[in-house]
Amino acid sequence: MLKINDEYVNKVKHWFSGYVEIFKNGDDDLLQNTILKEKHTKEVCKNILIIGQQLNLNNNELNFANIIALFHDVGRFEQYAHYRTFADNKSENHAELGVKILKEKKVLSQLDESTQSLILRAISYHNRFAVPEEETEKCIFFSKLLRDADKLDIWRVVTDYYLNNNGKKNKTIELSLPDTNNFSEEVYQDIINYRLVDIKHLKNLNDFKLLQMGWVFDVNFKPTFKLLQERNYLEMIYQVLPKSEKTEKVYSIIQSFLEGKIN
Ligand SMILES: [Fe+2]
């Protein structure tokens, strides 16, 4: 069984804060993006604990969940410092980079091999299209928990940006996609068929917004669906989409799917 005490969690949190500090000594652009990911990490930790508590995890399991959330994006800081982008396809896979950093810096060396391996696998799966089915039950569970906690916070980041950016563009968040009218038929087809939107189908910013709404099909746990509903993220994205019969249909499909998962 997993044995991770509160003291160990505090210790690695301390390491993480010190590690992030290094990236705050550069230019303003690096500082802003470092702060963005530091805040994201904090929120993913909060989310994973809320979901985990609602799933009745014990203290060891909650500590384990806290640690995978804390380190899931540890590769982001180095990625931005080196490549000046968060786009993995224009730089490198940030989950794998994070695993490499944790290994090189021996951050988890006090833990037994199997716990270390479980943490690194959960991190490496957080940004994949899906968690590998051949993994152990425990690994699949925690990987899914992390993916839920992560998605909830990405919804916070993007909706805050869409509604409060006051016309100021952030290419990092928009993946440099053009903000043109309408959306792609393939993206629409993915959603109305209850499929995750294929990233290859993205042509503009509206497609990306639809993809983010479609993440609801990849949520795993009931407490996450509830939090998603309470926080109104899907409605906020719908608000910033062009109004048409098709977007109305997308929104109604997504809303009924969410309600079905909650009731
Ligand atoms: Fe990530």
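The values are calculated or read from the model by the stated rules, or taken from the named source; none is laboratory data. The model shown is predicted, which means the values in this text are computed figures rather than measured ones. Every residue, glycine as well, gets a Cβ built from its backbone with ideal geometry; the counts of neighbours run over all protein chains shown. Note: accessible area is taken over every heavy atom of the protein model, side chains too, but ligands, DNA and RNA are not part of it. Shrake-Rupley method; radii C 1.70, N 1.55, O 1.52, S 1.80 Å.
Below, the figures for the structure above:
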| item | result |
| --- | --- |
| Meets criteria (basic (Lys, Arg) and either touching a residue at least 12 places away in the same chain (Cβ under 8 Å) or touching a Ser or Thr at 6+ places or on another chain (Cβ under 8 Å) (or both)) for Lys100 | yes |
| When residues of the range 198-230 are limited to those that are within 16 Å of the chain's Cα centre (by Cα) and of a type in the set (D, E, K, R), the one nearest to Asn47 (Cα to Cα) | Asp218 |
| Condition met for Val20 (within 16 Å of the ligand (Cβ to nearest atom) and over 16 Å from Ala122 (Cα atoms)) | yes |
| Selection count where residues are open to solvent by 80 Å² or more (accessible area, probe 1.4 Å) and within 16 Å of the ligand (Cβ to nearest atom), scope the range 97-112 | 1 |
| Any hit, the range 79-88, residues being buried (at least 21 other Cβ atoms within 10 Å of the Cβ) and within 16 Å of the ligand (Cβ to nearest atom) | yes |
| Residues that are open to solvent by 30 Å² or more (accessible area, probe 1.4 Å) and of a type in the set (Ser, Thr, Tyr), drawn from the range 212-263 | Tyr238, Ser244, Tyr251, Ser252, Ser256 |
| Counted residues, the range 207-243 - those being among the polar types (S, T, N, Q) and within 15 Å of Ile191 (Cα to Cα) | 1 |
| Options Val131, Val157: the member that is of a type in the set (A, V, I, L, M), within 16 Å of the ligand (Cβ to nearest atom) and touching a residue at least 40 places away in the same chain (Cβ under 8 Å) | Val157 |
| Some residue of the range 1-19 being open to solvent by 50 Å² or more (accessible area, probe 1.4 Å), of a type outside the set (D, E, K, R) and under 15 Å from the mean Cα position of the chain (by Cα) | no |
| Candidates Leu49, Leu55, Leu31 - the one that is more than 24 Å from Lys100 (Cα to Cα) and free of Cβ contacts under 8 Å to residues at least 40 places away in the same chain | Leu49 |
| Residue that is modelled with the lowest pLDDT [pool: residues in the range 146-174 that are open to solvent by less than 60 Å² (accessible area, probe 1.4 Å) and in a loop (DSSP other than H, G, I, E, B)] | Asn170 |
| Scan of the range 26-37 for residues that are of a type outside the set (S, T, N, Q) and open to solvent by less than 40 Å² (accessible area, probe 1.4 Å), ordered by number | Leu30, Lys37 |
| Test: Ile123 is within 14 Å of the ligand (Cβ to nearest atom) and surrounded by fewer than 21 Cβ atoms within 10 Å (Cβ to Cβ) | no |
| Flag for Thr115 being buried (at least 16 other Cβ atoms within 10 Å of the Cβ), outside any helix (DSSP H, G or I), assigned by TED's automatic domain parsing to the domain that holds Lys46 and not hydrophobic (A, V, I, L, M, F, W, C) | no |
| Any hit, the range 38-55, residues being open to solvent by less than 70 Å² (accessible area, probe 1.4 Å), on the phi < 0 side of the Ramachandran plot and not in a helix (DSSP H, G or I) | yes |
| Residue within the range 72-88 that is touching a Lys or Arg at 6+ places or on another chain (Cβ under 9 Å), modelled with pLDDT of 95 or more, in a loop (DSSP other than H, G, I, E, B) and charged (D, E, K, R) present | yes |
| Test result for His72, on the phi < 0 side of the Ramachandran plot, crowded, with 18+ Cβ neighbours inside 10 Å and not β-branched (Val, Ile, Thr) | yes |
